[in-house]
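Notes to accompany the following structure.
Values in this text are rule-based calculations from the coordinates and carry no lab data. What you see is a predicted model; the values in this text were computed from it and never measured. Note: ideal-geometry Cβ built from the backbone for every residue, glycine included; neighbour counts use all protein chains shown.
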Amino acid sequence: MPACALEVELASRAKAKFIINPGAAINPGTSTLQRQAFVRVVKHVLGLFDLTLVDCWANLYRGEDDMKSMHHDNYQDRTPRATVTMGVSLGQARHFTFQNPVTKEEHSVVQENGDIFAFDEPFNNLFKHAVPPEDVGTAPGKRIAIIIWANEEEAGDFFESATCAACSQVPSQGTKARSVPDRSIDVFRLRSRGDVSVVHGWDV
């Protein structure tokens, strides 16, 4: 796929808000190599799922105390509207928890280095999600979570509907989106495909 326009846009996003700690901004301090790694991961994941980019960012969890409370993703905050959330986990393994807000029943999965989660808008409407704090001493390392909001529009171009002008200039590749349920929403591991090499350059 033509890289120039998309890479400029993603690198710009990476420079502006590459790493945020959930709940508090911290100094990104990103190197060119880190921004290139960010761009490669986002492009690779969008390609795996055949989706259109809406927005992307990265969260840093510095230790077991850093967490993200239960919430629904607010897709209304973006234009075009996102219909899918994906997350790539790098570094320390952490629990990713879903909650039925009516029954308060919860289910957790462990996100290890190289894991991806994905869910669509109906799932987001039904369930909240969170990254809870871990017990002291159980998750001492750092974790970067690359979050991608995307949509499933039937477009000839992954990036045709992106919010930025640069992404909209990427020529069409004739790729049609598939529905997320058809892809079986579940955790799978990039490392099992040998694809985790795309993240080299990060000091996690």
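Got a sec to turn the phi values of the stretch 127-139 into Karplus ³J(HN,Hα) couplings, 6.51 cos²θ - 1.76 cosθ + 1.60 with θ = phi - 60°, whole Hz, x for Gly and Pro?
Karplus-based 3J(HN,Hα) across the stretch 127-139 equals 10, 8, 9, 7, 10, x, x, 9, 4, 4, x, 8, 9 Hz.
R0 = 25 Å: FRET efficiency of THR138 with LEU48, Cβ-based, nearest 0.05?
Details: r = 30 Å, r/R0 = 1.21.
With a Förster radius of 25 Å, E is 0.25.
Among residues other than ASN100 whose Cβ falls under 13 Å from its Cβ, what is the net charge (Lys/Arg +1, Asp/Glu -1)?
Value of the local net charge: 0.
As an exercise, find the ratio Rg/Rh for the stretch 48-99 from alpha-carbon atoms, using the Kirkwood inverse-distance average for Rh. The partial results should precede the final answer.
On the way: Rg = 13.1 Å, Rh = 13.4 Å.
My calculation puts Rg/Rh at 0.97.
Less than 12 Å Cβ to Cβ from PHE127, Lys/Arg counted +1 and Asp/Glu -1: what total charge do the surrounding residues give?
Values: positive: LYS104, LYS128; negative: ASP73, GLU105, GLU106, ASP120, GLU121.
Once positives and negatives cancel, what remains is -3.
Report the local net charge at MET70: Lys and Arg +1, Asp and Glu -1, summed over other residues whose C-beta lies under 11 Å from its C-beta.
Neighbour charge sum, excluding MET70 itself: +2.
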